[in-house]
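Asks: Following this message is one structure expressed as structure tokens.
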Amino acid sequence: MPDVPIRAVIFDLDGVLTDTAEFHYRAWQELADAEGLPFDRQANEALRGVSRADSLRLVLAGREVDEATFARMMAEKNERYVELLADMSPDDLLPGALELVEACRDRGLKLAIGSSSKNAPMVLDALEITDRFDAIADGSTVEVAKPAPDLFLAAARSLDVEPATCAVVEDAEAGVDAALAAGMLAVGIGPAERVGHAHLRYPSTADVDLETILARGA
Ligand code: BG6
Ligand code: MG
């Protein structure tokens, strides 16, 4: 990790700014039940931060389906997920999320979203925080999903900053992998078993200390 000043913060969305994981889980569980696929909360843990298509591959766990069936299953899962999001509002921001975003803005940092979700723009609108970000990279921005660095590199390009000057706030193992692969400062949210490979780790978004992050990059 080069010692360069942090100029930008890239936020993952699901699990960092809002907790949509339960909705993703319920939508996958309903699909799995309907299709007779074994699935439970523990299996769902492996899906955190993973794109819709890669998640379905994990849910299928080796069961072969044709292309049309694969597309139909993805559509059904997403339809249910979107239904579950219907009542989302600013009340669904995680504790400390808005405060952290505001603190970053007050420090003059550029801000982006780097989310694997194609629903990210809709979720940001429902949370009423779209206008706080200078760039949004989501599940439609790049071909290759996390753990590849592509999404975060695209966010840095949109912000017109060098990757080494970016900090990434992530709750998923795949997301921390992606931040490290992008050469960025990785800030993990959650238990060490999941994000212990990040440069810095906090149990929750509310615990994140921006000054420590900025000092790490200085
Ligand atoms: C990530 C979630 O943010 O987005 C994953 O952590 C999800 O659980 C992925 O699969 C893709 O989301 P979507 O909304 O495009 O299906
Ligand atoms: Mg996440």
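The values are calculated or read from the model by the stated rules, or taken from the named source; none is laboratory data. All figures in this text were calculated on a predicted structure; none of them were measured in a lab. Note that each Cβ is placed from the backbone with ideal geometry, even for glycine, and that neighbours are counted across all protein chains shown.
Asks: Restricting to the range 180-209, name every residue that is in contact with a Phe, Trp or Tyr (Cβ under 8 Å, 6 or more places away or on another chain) and without any contact (Cβ under 8 Å) to a residue 60 or more places away in the chain.
Replies: Ala182, Val187, Gly188, Asp209
Asks: Then there's this: When both residues are 6+ apart or on different chains and their Cβ atoms are under 6 Å apart, which pairs have a first residue that lies in the range 1-30 and is within 22 Å of Ala61 (Cβ to Cβ), and a second that is more than 9 Å from ligand 1 (Cβ to nearest atom) and part of a helix (DSSP H, G or I)?
Replies: Here the result reads Phe23/Leu84; Ala27/Arg80; Trp28/Val59; Glu30/Arg80, each pair linking the range 1-30 to a residue that is more than 9 Å from ligand 1 (Cβ to nearest atom) and part of a helix (DSSP H, G or I).
Asks: Another question about this same structure. Pick from Ala126, Ala145, Ala120: which is more than 13 Å from Leu13 (Cα to Cα), crowded, with 18+ Cβ neighbours inside 10 Å and hydrophobic (A, V, I, L, M, F, W, C)?
Replies: Going through Ala126, Ala145, Ala120 in turn, the sole match is Ala145.
Asks: List the number of the failed condition for Ala46; all other conditions in (1) within 15 Å of the chain's Cα centre (by Cα); (2) touching a residue at least 24 places away in the same chain (Cβ under 8 Å); (3) not assigned by TED's automatic domain parsing to the domain that holds Ala182 hold.
Replies: Against the list (1) within 15 Å of the chain's Cα centre (by Cα); (2) touching a residue at least 24 places away in the same chain (Cβ under 8 Å); (3) not assigned by TED's automatic domain parsing to the domain that holds Ala182, Ala46 comes up short only on (2).
Asks: Sticking with this one: Report whether or not Thr212 is out of contact with any Lys or Arg (no Cβ under 9 Å at 6 or more places or on another chain), free of Cβ contacts under 8 Å to residues at least 60 places away in the same chain, within 27 Å of Asn44 (Cβ to Cβ) and of a type in the set (Val, Ile, Thr).
Replies: No; evaluated as a whole, the condition is false for this residue.
Asks: Being touching a residue at least 24 places away in the same chain (Cβ under 8 Å) and in a loop (DSSP other than H, G, I, E, B) is the filter; apply it to the range 56-102 and report the residue that is nearest to Leu210 (Cα to Cα).
Replies: Gly96
Asks: If only one of Pro38, Pro5 is closer than 25 Å to Ile189 by Cβ and part of a loop (DSSP other than H, G, I, E, B), which one is it?
Replies: Sole residue among the options that is closer than 25 Å to Ile189 by Cβ and part of a loop (DSSP other than H, G, I, E, B): Pro5.
Asks: Do we have Pro121 as part of a loop (DSSP other than H, G, I, E, B) and in the same structural domain as Leu210 (by TED's automatic domain parsing) here?
Replies: no
Asks: Among the numbered criteria (1) closer than 26 Å to Pro95 by Cα; (2) modelled with pLDDT of 95 or more, which single criterion is violated by Ala53?
Replies: The number of the failed condition is (1).
Asks: Step by step: first the residues of the range 6-15, then only those that are in contact with a Leu (Cβ under 9 Å, 6 or more places away or on another chain) and within 9 Å of ligand 1 (Cβ to nearest atom), then the one that is modelled with the lowest pLDDT. Which residue is that?
Replies: Among them, the one singled out is Gly15.
Asks: Which one of these does Leu58 not meet: (1) surrounded by 13 or more Cβ atoms within 10 Å (Cβ to Cβ); (2) modelled with pLDDT of 95 or more; (3) not assigned by TED's automatic domain parsing to the domain that holds Arg26?
Replies: Single failed check for Leu58: (3).
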